[in-house]
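Below is one structure, written out as structure tokens; comments come after it.
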Amino acid sequence: MTATARIGIVTVSDRASAGIYTDEGGPAIDAYFRKVLTSPWEAVARVIPDDRAVIAQTLRDLADTEGCCLIVTTGGTGPAPRDVTPEATEDVIEKPMPGFGELMRQVSLAKVPTAILSRQTAGIRGKSLIVNLPGRPRAIAECLDAVMPAIPYCIDLIEGPWLETDPAAIAAFRPGAKPKA
Ligand code: MTE
């Protein structure tokens, strides 16, 4: 039986965490994985303020205690004084994965000229892949569509659970794997 993957979904927003507005980013990430993943998974969701120490502690908790193989953050990647999600991510990762940010900015630039304002990054902590997304709900699918084909193989390499995607939505690429007949 395939193990149930746990996916951390972290909304980083002072206003959403204070209840001033409704969190749209977290539910958009949840809906994305519901559409794309066909293997069993469950969400571990958090809504937290733009506080470097709180973000770092949340990421450690999701990776080390909750056993999330993948942790996706939304928000706090821009240049404003309270935007510190990339710094908090860098505080906890052991291996930076710069290709994720590079590719997401590149595809986002075709959508909005302000894509270069996102400092979104990614990296590995233990058996977890942490990926930052911008805070705009529509940026979520725009960015995840670009990097999702490589995520299942990345999770294989860090000894996480087997992730299967619906090829009609996202064709996961695993080098050496034979395409399904
Ligand atoms: N990327 C995509 N795909 N779509 C977007 O709308 N918005 C940009 C950028 N990247 C955007 C995007 C804008 S306007 C900003 S300020 C930065 O992400 C940072 O956003 P954040 O601080 O909410 O993370």
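The values are calculated or read from the model by the stated rules, or taken from the named source; none is laboratory data. Predicted, not measured: the structure shown is a model, and the values here were computed from it. We place every Cβ from the backbone using ideal geometry, glycine too, and count neighbours over all the protein chains shown.
So, in the range 128-145, how many residues would count as being more than 7 Å from the ligand (Cβ to nearest atom) and surrounded by fewer than 17 Cβ atoms within 10 Å (Cβ to Cβ)?
1
When you go through 39, 108, 118 one by one, which is the residue that is closer than 21 Å to residue 6 by Cα and at pLDDT 95 or above?
The match here is 39.
Being free of Cβ contacts under 8 Å to residues at least 40 places away in the same chain and in a loop (DSSP other than H, G, I, E, B) narrows it down to one of 30, 61, 91, 83, so name that one.
On inspection, the qualifying residue turns out to be 83.
Does at least one position in the range 102-123 carry a residue that is part of a loop (DSSP other than H, G, I, E, B) and more than 16 Å from the ligand (Cβ to nearest atom)?
Within the range 102-123, not a single residue is part of a loop (DSSP other than H, G, I, E, B) and more than 16 Å from the ligand (Cβ to nearest atom).
With the condition kept exactly as written, say whether any residue in the range 146-162 is touching a strand residue (DSSP E or B) at 6+ places or on another chain (Cβ under 6 Å) and buried (at least 22 other Cβ atoms within 10 Å of the Cβ).
Scanning the range 146-162, I find no residue that is touching a strand residue (DSSP E or B) at 6+ places or on another chain (Cβ under 6 Å) and buried (at least 22 other Cβ atoms within 10 Å of the Cβ), so the answer is no.
Quick one: count up the residues across the range 28-46 that are surrounded by fewer than 19 Cβ atoms within 10 Å (Cβ to Cβ), hydrophobic (A, V, I, L, M, F, W, C) and under 20 Å from residue 139 (Cα atoms).
3
May I ask you to verify whether residue 70 is more than 16 Å from the ligand (Cβ to nearest atom) and either charged (D, E, K, R) or touching a Leu at 6+ places or on another chain (Cβ under 9 Å) (or both)?
Criteria met by residue 70.
If you take the residues of the range 107-128 that are touching a residue at least 24 places away in the same chain (Cβ under 8 Å) and over 15 Å from the mean Cα position of the chain (by Cα), which of them is nearest to residue 44 (Cα to Cα)?
Ranking the qualifying residues of the range 107-128, first place goes to 126.
Results for (1) in contact with a strand residue (DSSP E or B) (Cβ under 7 Å, 6 or more places away or on another chain); (2) touching a residue at least 24 places away in the same chain (Cβ under 8 Å); (3) not polar (S, T, N, Q), shown as yes or no for each residue.
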position: 3; (1), (2), (3): no, yes, yes
position: 7; (1), (2), (3): yes, yes, yes
position: 10; (1), (2), (3): yes, yes, yes
position: 15; (1), (2), (3): no, no, yes
position: 21; (1), (2), (3): no, no, yes
position: 24; (1), (2), (3): no, yes, yes
position: 35; (1), (2), (3): no, yes, yes
position: 38; (1), (2), (3): yes, yes, no
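Within the range 33-58, count every residue that is outside any strand (DSSP E or B) and either small (Gly, Ala, Ser) or out of contact with any Lys or Arg (no Cβ under 8 Å at 6 or more places or on another chain) (or both).
Here the count works out to 15.
Does the range 72-88 contain any residue that is more than 21 Å from residue 48 (Cα to Cα) and among the polar types (S, T, N, Q)?
no
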